Every structure is written in structure tokens, then in C-alpha cells.
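Visitor: Have a look at the structure that comes next, please.
The values are calculated or read from the model by the stated rules, or taken from the named source; none is laboratory data. Predicted model only: the values in this text are computed from it and were never measured. When we count neighbours, we look across all protein chains shown, and the Cβ atoms used for this are built from the backbone with ideal geometry, even at glycine.
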Amino acid sequence: MDEAMHSFAPRGSPTRLLWLTPGQASRSLLDAALEMTRADDSWEVAIVAGSQPPGKTAAVNSRVTVHVLGSQETDCEPLSCELAELIAPCAIVHLLDSCTTSAALALLIARLRGLPVVATDPGSPSGLWAALDLVRLVAHMLPRASSVHETASIYGRLLGRQQEAA
Amino acid sequence: MKILVVSNLYPPDLMGGYELGCRQVADALIEEGHDVQVLTAVPRLPVPPLPHVLRAFHLTDVYTPQLQEDLPPLARVLRHADACWVRAFNVQVLLEHLGEFRPDVVYLWNLVGLGGLGLLGCLHHQGSPWLWHLMDKTPRDLCAVPWVDGDGLGRTVADFLTGRFLACSRRLVEEIERHVPLLPDAVTLLPNWVTGPAQPRRRWYNGGHLRIATAAGHLCREKGIDLLIQATGLLRHKGHDDFTLTLFGRTDELFPRLVQEEGLQHHVEFAGLLGQEELARRYAGCDVFAFPTWPREPFGFAPLEAAAQGCVPLITDDCGIGEWLVHGVHCLKTPRTAEAFASVLADILTGRIALAPLARRAAAVVAEEFHLRHLLPRIEAALRQASTRRRTAFGPPEEAYHLAILGEKLSGCLVQKLVAC
């Protein structure tokens, strides 16, 4: 599996992914990020969470970091700024279970930068997600139970497609 | 070049110099053989149709104070969001026009009232090159968040301000950059201009009755109209009686009342809002154009138009046009107080300042350096340079519209939460 994953990420400098989760960064999410970066040293994962993961504060290791949005969702100005700064060095934005305004804002910012957005299937979409049919703005919808391998494969395909377009 | 001009208003529907300047440049570009289309808002009052002008945008009027005054906070902030942030309807209008006209470059003017950030985001998404002519702090206005004195939205938006800019003064650029970082080397300074020929001048001032003029679309405190009336009151107190002050533009009750209070009824005349040609003719009969405007005046067309007719600008010493004219050579500069303006006017009346040589030099320099026919090649060069920055769209036009809808709804949700807090 490791060798296969190597072929997905672009060569050269590490490719940074942004994973956005509305709540706490769970243990399983951190494990998935660690597995992905262990399998292929060209991935980096920045997890943007609604609150701190248990027992963790900032960097999990040099290539998996956790960031907690300092602003409340009501503070649209600092929220947009924080998200924009976190998205800036990333190649892909992945929305995990996110139907929040910060997810919608991240989607908007990412697409205005030309970045592909991936989402984990929200199951029964609600709120903005459903009202605005945001699924259509997403490059790929991953099933909830997708493996790290499958996820990396999707990322690789999207980045390859983007390079072709460029 | 195929040039799509985008402006919130377009004459005869206008607020002031920004829109007039837009029309003058559009007309001049058409005369030079460019294929120019203007996309602007549905007019606030009926206007005659023009073949190259499509009035299709929806304008959120934030310029009429009477429409704002009694609004509750939520309605006022939502109005701001509509005017400055995202208006999906207008994004769709722009997309349709981009598709039909296929311009080489989009030439942006004042975008307040149209959901300007949405239009900029759309152009960025579509990879359309643009040049933005700045005669006001429009980027900063678009990024303002009510009740928040931060630069967060400005820094977010800066990422898609990847076009080029023409700005009428360095002071204006600095004012914008305090809140919205612009790309280095993206800004070219270009002064405002005059159009048309100089009117025949009846006389050059050499003592005697001094004719003072001032003008603004809307005579207001920011333009220093109250200071100017007070200055003429001080002149009289100093014993100078041989002058008249003519104010051109719309006025409210405040200034005629001030004239009464100062006892200046025989010295001050309100001449109303005149057309450009008539105004030029009237300037040719005046000696000094007093412009005690506020320091954040980006430029101001009026003093330049007066100078073109040999009417010497007497201006605040730190306003935008002051960057372009030399004190004691083409104009007079003084601090923005009634006393300082009165003192300079008294020096003219007593002959301590010789006005005629200044007037001749001012008229000559404006004709040589500030006429639109001399500046147009620089505008064309900037448009050409901007047009080379086209890149592949990030997605189809439908996606740009979809993102605009998302942006509009999102700003609405966030504003409601902001107000609720």
C-alpha cells in the first residue's frame, strides 16, 4: 500500500492538505493524518478543528499540525482571514462532516484560489450545504468509510488533473 | 482592444467626478478606435439610451443619506453587504457580458453599490484580466466590516486583487494600503485630467475686484465650504470688501444660513449645479478657485478644471491634487483653516501675491500635462499591460455564479449573527 501511495502525491516540495472538521479533532482523524504522512513523505496535513484534540495543543509532528480557529463563527472578518491564511499554502481542501459556515467559507476561499475541494459525504445534507447544493462545488465526494489509501488516490488524481489544466 | 468598462453609475446618472471621469475616458477610448462597452447600474432616474452602454446591474444605493438614516442596524449592515460584498445577480450580469462581449480587458471604476467584491472574485475566478482606476478608496470601502476596525477582510481579498491599478495620488494608495495590501508594482500613478478647449479669458487679475469660485457636485463640509464662507467673513472683518465668492453645486440649507449669519449676502452667490461647459466658461471669469477640502481628498477634478481656465487653485496643503501642482508656481497651498485661507486671499487683494503669472503658468501646465489627450496613451498602455495577465479560468461561469450565490448567502448569515451579537 505504501508504494502505491507514493505514486499519488506530486514530487518535489511537500503537498499540504487542509482538513476541516467542525468539532474536536478526533483520535481517529489524527491517526489517519499520521498514517497518510508516514506512508508518503510528500504529504503534509493541516487539520483545522473547532476545538482542541484531547491532550494535544498544536503540532502533532512536523507534517501533521492541528489548528483551532481562534474566532467564533460570528466574527466573519477574522474568521475569513484565519481561514484564508491557513488555506494559502494548501493544495487541496477537504471538508470533513462539515456543514458549518466556516466550511462554506473555506469552500468559497478555496475555489477562488482555484484549489480543488473534497468533501466527506455529509450523509443527509442540511443547512447551507443542501440549500445551496454545495455538493456541486466539490471536486470529489468521498464515502464516509473511505480508506486513507483511497483518499490519497483521489487527491493524487485531482492534483494531476489540475496540473494538466494549468 | 475590446474593453469592458464597469462602473456603479454612468452619466448622466452620477455622483461626481469619478463617474464623469469614467465617461470621459470611455468616450476618448472610443474615439481612438477601441471597442468599448460600458456595463453599469440601472439608473436612479430615467436617462436617454446610449448605444455602447448597458445599464443592467442592480445598484444598492448607499449614497442617498435619506435612504439610510432611519434604517435599523440589521437592515443597514445588510445594505452594506449588498453594496460592497457580494450581489449574485450582478455577478450573473457580469458573467453574461463577459461571455457575449469577450473583452481583452475589464476596466473597473467605482464598484460600491454593486457588490464589488463579488465582481472582483468573479473576474479572478474566470481569469479575466482587469485594470482598476482608483479615484477613491474603493477597495477599502468594499472590505469594510461595520463596527469592526480591522483589516481581516482586506487581507483575505488581497489574494484576488491580482490585476493592475491606476491611482490619482500617492496619498490615496497609502490610505487603501493601510487596510488592503496591494501587489507591489501593481499601481501606476496617473493624475486626473481636463477635457475640451480652454475658454477665452476676459482678464488676468491685476488688482481690483477679486472673483473667488469653488465647486463640488454636492457642496459639503468635507469640501470645506463652511471654512470658505468663514474665511470670506474674516476677509470682511479685516476690511476687505472688494470680492465675490461664487459656489457651484448642489447645496442644502446649512450654507445659505451660514452666509446670512456672517452677513455676506452681497458677497456670496450660490450658482447651482452647472454643466461642464458652462462651468468652464464661468471659471474663465474667475480669478481664484478656493478648495479648502479635507486632507483625504484623493484628487478633485474641479481645481484642475478651474486652473485650465486661468483660475488659480488655492488648495489645502495636504490634499491629493497638491502632489501634482507646485505651490507658488501653479497654485497656492495653505493649511486648512478659515484664517489661513482668509490670509492668502487678503495677500492677493493687497497685491502681495501676484496672481496673473500664477494663472498663466497654471493654465499652461494643465493644458500641457493634464489634458486627457496627453494622458490617454498612458491609460491605453496600462490597459494593454493588464490585458496580458489573462489565465485559465478556475472553473466554468456557472461555478462563478454558484460561488457568488454562496458568498451572498454566507455574508447574509454572518451579518445576521454579527448584529445579533
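Visitor: Looking at (1) within 12 Å of chain B (Cβ to nearest Cβ); (2) modelled with pLDDT of 90 or more, which is the one condition that is false for A:ALA103?
Guide: (2)
Visitor: Could you grab the pairs with beta carbons closer than 6 Å, sequence gap of 6+ or different chains, first residue in the stretch A:35-54 and acidic (Asp, Glu), second one buried (at least 16 other Cβ atoms within 10 Å of the Cβ)?
Guide: Between residues of the stretch A:35-54 that are acidic (Asp, Glu) and residues that are buried (at least 16 other Cβ atoms within 10 Å of the Cβ), the close pairs are A:GLU35/A:VAL148; A:ASP40/A:MET5; A:ASP40/A:ALA9; A:GLU44/A:PRO14; A:GLU44/A:ARG16; A:GLU44/A:ARG63.
Visitor: Kindly check whether there is at least one residue in the stretch B:148-159 that is in contact with a His (Cβ under 8 Å, 6 or more places away or on another chain) and either away from chain A (no Cβ under 14 Å) or under 26 Å from B:CYS319 (Cα atoms) (or both).
Guide: yes
Visitor: I'm trying to understand the selection: among the residues of the stretch B:1-37, which are crowded, with 24+ Cβ neighbours inside 10 Å and part of a loop (DSSP other than H, G, I, E, B)?
Guide: Answer for the stretch B:1-37, where residues must be crowded, with 24+ Cβ neighbours inside 10 Å and part of a loop (DSSP other than H, G, I, E, B): B:SER7, B:ASN8, B:LEU9, B:TYR10.
To keep it simple, each residue is scored yes or no on (1) among the hydrophobic types (A, V, I, L, M, F, W, C); (2) buried (at least 24 other Cβ atoms within 10 Å of the Cβ).
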position: B:PRO46; (1), (2): no, no
position: B:HIS52; (1), (2): no, no
position: B:ASN110; (1), (2): no, yes
position: B:LEU119; (1), (2): yes, yes
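Visitor: Could you grab me the full set of residues in the stretch A:148-166 that are farther than 16 Å from A:VAL45 by Cα and either at pLDDT below 85 or surrounded by 13 or more Cβ atoms within 10 Å (Cβ to Cβ) (or both)?
Guide: A:ARG157, A:LEU158, A:ARG161, A:GLN162, A:GLN163, A:GLU164, A:ALA165, A:ALA166
Visitor: Would you mind listing the helices (runs of 4 or more DSSP H) fully within the stretch B:108-164 where at least 3 residues are in contact with a Phe, Trp or Tyr (Cβ under 6 Å, 6 or more places away or on another chain)?
Guide: B:116-126
Visitor: Report whether or not B:GLU96 is closer than 15 Å to B:VAL6 by Cβ and of a type in the set (D, E, K, R).
Guide: The answer is yes for B:GLU96.
Visitor: Identify all residues within the stretch B:336-357 that are under 13 Å from B:ASP287 (Cα atoms) and either surrounded by fewer than 15 Cβ atoms within 10 Å (Cβ to Cβ) or in contact with a Pro (Cβ under 9 Å, 6 or more places away or on another chain) (or both); write none if there are none.
Guide: Answer for the stretch B:336-357, where residues must be under 13 Å from B:ASP287 (Cα atoms) and either surrounded by fewer than 15 Cβ atoms within 10 Å (Cβ to Cβ) or in contact with a Pro (Cβ under 9 Å, 6 or more places away or on another chain) (or both): B:ALA354, B:PRO357.
Visitor: Regarding B:LEU418, is this residue assigned to a helix (DSSP H, G or I), modelled with pLDDT of 95 or more, on the phi < 0 side of the Ramachandran plot and hydrophobic (A, V, I, L, M, F, W, C)?
Guide: No: the conditions fail for B:LEU418.
Visitor: B:LEU332 - would you say it is outside any strand (DSSP E or B) and more than 14 Å from every other protein chain (Cβ to nearest Cβ)?
Guide: For B:LEU332, the condition - outside any strand (DSSP E or B) and more than 14 Å from every other protein chain (Cβ to nearest Cβ) - is not met.
Visitor: Identify, by number, the condition in (1) surrounded by 24 or more Cβ atoms within 10 Å (Cβ to Cβ); (2) over 25 Å from B:ALA28 (Cα atoms); (3) touching a Pro at 6+ places or on another chain (Cβ under 9 Å) that B:GLN126 doesn't meet.
Guide: Every condition holds for B:GLN126 apart from (1).
Visitor: While we're on this one: If the Cβ limit is 6 Å and pairs must be 6+ apart or interchain, which residue in the stretch B:404-419 that is facing chain A (nearest Cβ under 7 Å) and free of Cβ contacts under 8 Å to residues at least 12 places away in the same chain pairs with which residue that is of a type in the set (S, T, N, Q) and not in a helix (DSSP H, G or I)?
Guide: Listed by first residue and then by second, the contacts come to B:LYS417/A:THR74.
Visitor: Are there any pairs with C-beta distances below 8 angstrom linking a residue in the stretch B:45-58 that is over 17 Å from B:GLU96 (Cβ atoms) to a residue that is among the acidic types (Asp, Glu) and not in a strand (DSSP E or B), with the two at least 6 apart or on different chains, and if so which?
Guide: Final answer for the pair search is B:LEU45/B:ASP13; B:VAL47/B:ASP13.
Visitor: Okay, moving on. Filter the stretch B:40-99 down to the residues that are of a type outside the set (A, V, I, L, M, F, W, C), farther than 28 Å from B:LEU29 by Cα and in a loop (DSSP other than H, G, I, E, B), then identify the one that is modelled with the highest pLDDT.
Guide: B:ARG87
Visitor: Within the stretch B:193-219, count every residue that is closer than 17 Å to B:THR251 by Cα and in contact with a Phe, Trp or Tyr (Cβ under 9 Å, 6 or more places away or on another chain).
Guide: 5
Visitor: Go through the stretch B:117-140 and give me each residue that's under 18 Å from B:GLU174 (Cβ atoms) and more than 14 Å from chain A (Cβ to nearest Cβ).
Guide: B:TRP132, B:HIS133, B:LEU134, B:MET135, B:ASP136, B:LYS137, B:THR138, B:PRO139
Visitor: Kindly indicate whether any position in the stretch A:10-27 is modelled with pLDDT of 80 or more and more than 27 Å from A:LEU108 (Cα to Cα).
Guide: Checked the stretch A:10-27: at least one residue is modelled with pLDDT of 80 or more and more than 27 Å from A:LEU108 (Cα to Cα).
Visitor: One residue is enough: does the stretch B:194-209 have a residue meeting the conditions of a type in the set (S, T, N, Q) and within 14 Å of another protein chain (Cβ to nearest Cβ)?
Guide: No, the conditions are met nowhere in the stretch B:194-209.
Visitor: Let me ask something else about it. Starting from the stretch B:308-330, keep only residues that are closer than 22 Å to B:ALA284 by Cβ and free of Cβ contacts under 8 Å to residues at least 60 places away in the same chain, then list their pairs with residues that are aromatic (Phe, Trp, Tyr) and surrounded by fewer than 24 Cβ atoms within 10 Å (Cβ to Cβ) whose Cβ atoms are within a distance under 6 Å, requiring at least 6 positions of separation or different chains.
Guide: From residues that are closer than 22 Å to B:ALA284 by Cβ and free of Cβ contacts under 8 Å to residues at least 60 places away in the same chain, there are no pairs.
Visitor: Go through the stretch B:190-220 and give me each residue that's surrounded by fewer than 16 Cβ atoms within 10 Å (Cβ to Cβ), under 26 Å from the mean Cα position of the chain (by Cα) and either over 23 Å from B:CYS319 (Cβ atoms) or free of Cβ contacts under 8 Å to residues at least 40 places away in the same chain (or both).
Guide: B:GLY196, B:PRO197
Visitor: Identify all residues within the stretch B:372-403 that are of a type outside the set (Ser, Thr, Tyr), away from chain A (no Cβ under 14 Å) and crowded, with 18+ Cβ neighbours inside 10 Å; write none if there are none.
Guide: Result: B:LEU375, B:ILE379, B:ALA382, B:LEU383, B:ALA386.
Visitor: Now, a different point. Considering only residues that are in a helix (DSSP H, G or I) and touching a residue at least 24 places away in the same chain (Cβ under 8 Å), which ones fall in the stretch A:111-143?
Guide: The answer is A:ARG111, A:GLY127, A:LEU128, A:TRP129, A:LEU134, A:LEU137.
Visitor: Given (1) of a type in the set (Asp, Glu); (2) part of a loop (DSSP other than H, G, I, E, B); (3) at pLDDT 95 or above, where does B:ASP252 come up short, assuming only one miss?
Guide: B:ASP252 satisfies every listed condition except (3).
Visitor: Output the residue which, of all residues in the stretch B:54-79 that are closer than 27 Å to B:GLY127 by Cα and not polar (S, T, N, Q), is surrounded by the most Cβ atoms within 10 Å (Cβ to Cβ).
Guide: Ranking the qualifying residues of the stretch B:54-79, first place goes to B:PHE57.
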